[in-house]
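Bear in mind these aren't lab numbers, they're just calculated from the coordinates by the rules spelled out. What you see is a predicted model, and the numbers here were worked out from it, not measured in a lab. All Cβ positions, glycine included, derive from the backbone under ideal geometry; neighbour counts span all protein chains shown.
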Amino acid sequence: MTASVALAANPVVLIGSAGEAPVALQIEAEVKELQFVNLAGRTQMSDLFAILKNAELLIGCDSAPIHVASLTDTPTLNISVGPVNFWETGPKASLGFIYRAENQETIVPEQVGQAMADLLAGQVMPGLIVRTGGLVSYAREESAAERFQWDLVQALYLGGDFPIAERMEIVQGAMKLNDINTFAMEQLALLPTLGVEKVAPFLDSAEEVISNISRMVPELSPLVSWYHAERIRIAPGTLEEIRTATLNVHERLKRHLHVYIPHEALKEEVDNGAV
């Protein structure tokens, strides 16, 4: 559900899909002090430009209106929740702000309401992530894990230096990823002789483990996202062409992971013929 807000004295426009219409009706019923224009379930994509162009503030989650607001340069408060990268999905309007929560349970409605009121009054509540210019699109107080993730993104995509792993969990996670990556490469090598039906279940299990490690060690999530993106980019072709391209992705993943693998473990891989 997304709200397009003019001023506190003006109507609040509710926009959203047909599935969100009941939520809009509930908001109207429970919030008596505001005047609403309920367009939920009746909003077409082409309507958003006119609605947002005249709005003082857009409040919503990661959705199409957030990105349309970037085109109309409408001030935006993005409620960003869960396993999303705000620097990828956040608003790009000149006055773009993000209220970040790890899950729905950690959202504090009073804080969201205060953030909305402050923005309408021309003030920014402390703790909001703020849209800035340049390559680094947002400014905020970052944790060590978030800084590591951003530095890792720059290393993967922009040729920056790989960040130093300051937590043992990062090294352990990289070693586990390296092990499962090696296992997947071994299965791909068996594909021509064993066939897809026998090998596919093992490859599916490897993919599940890779995703689980990403959740357990969030610092490594950009690397896992990179891996998934490279897999998606593999073009259609013969079984052998796809197998070769997939092995290439795994080879590159291995090189990235080796940045965080202790020398002793790498030597053991060489001795075992895995490198």
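Loop-located GluC sites (Glu not before Pro) in region 25-72 (DSSP state not H, G, I, E or B) with no more than 16 neighbouring Cβ atoms inside 10 Å: Glu33, Glu56. Taking only the Cα atoms of the chain, the ratio Rg/Rh comes out at 1.08, with Rh defined as the Kirkwood radius. Highest mean first, the peptides 196-209, 100-113, 179-192 sorted by other C-beta atoms within 10 Å per residue fall in the order 179-192, 196-209, 100-113. What is the diffusion coefficient of region 153-275 in µm²/s, taking the Kirkwood radius over Cα pairs and the Stokes-Einstein relation at 37 °C with a viscosity of 0.692 mPa s? Here the translational diffusion coefficient equals 216 µm²/s. A straight line joining the Cα centroids of region 24-44 and region 67-98 runs 22 Å.
Taking other residues whose beta carbon is less than 9 angstrom from the beta carbon of Pro192, and scoring Lys, Arg as +1 and Asp, Glu as -1, yields 0. At full extension, Val23 and Ser46 could sit 6.0 nm farther apart than now, given 0.36 nm per residue minus the alpha carbon distance.
When both bridge partners sit in region 1-125, DSSP labels roughly 35% of those beta bridges antiparallel. Suppose only helical runs count, i.e. DSSP H with n ≥ 4. What mean residue ellipticity at 222 nm does that imply for the chain under -39500 (n - 2.57) per run, divided by all residues and rounded to the nearest 500 deg cm²/dmol? Value at 222 nm, helices only, nearest 500: -17000 deg cm²/dmol.
Membrane-span-like helices in the chain (whole DSSP H runs, Cα extent of at least 24 Å along the helix axis, mean Kyte-Doolittle hydropathy of at least 0.0): 168-194, 196-216.
Rounded to the nearest 0.05, the FRET efficiency derived from the C-beta distance between Gln111 and Val84 at R0 = 25 Å is 0.85.
Near Pro163, once Lys and Arg are set to +1 and Asp and Glu to -1 for all other residues with Cβ below 9 Å from its Cβ, the sum equals -3. Other residues whose C-beta falls under 11 angstrom from the C-beta of Asn78 contribute a net charge of +2, scoring Lys and Arg +1 and Asp and Glu -1.
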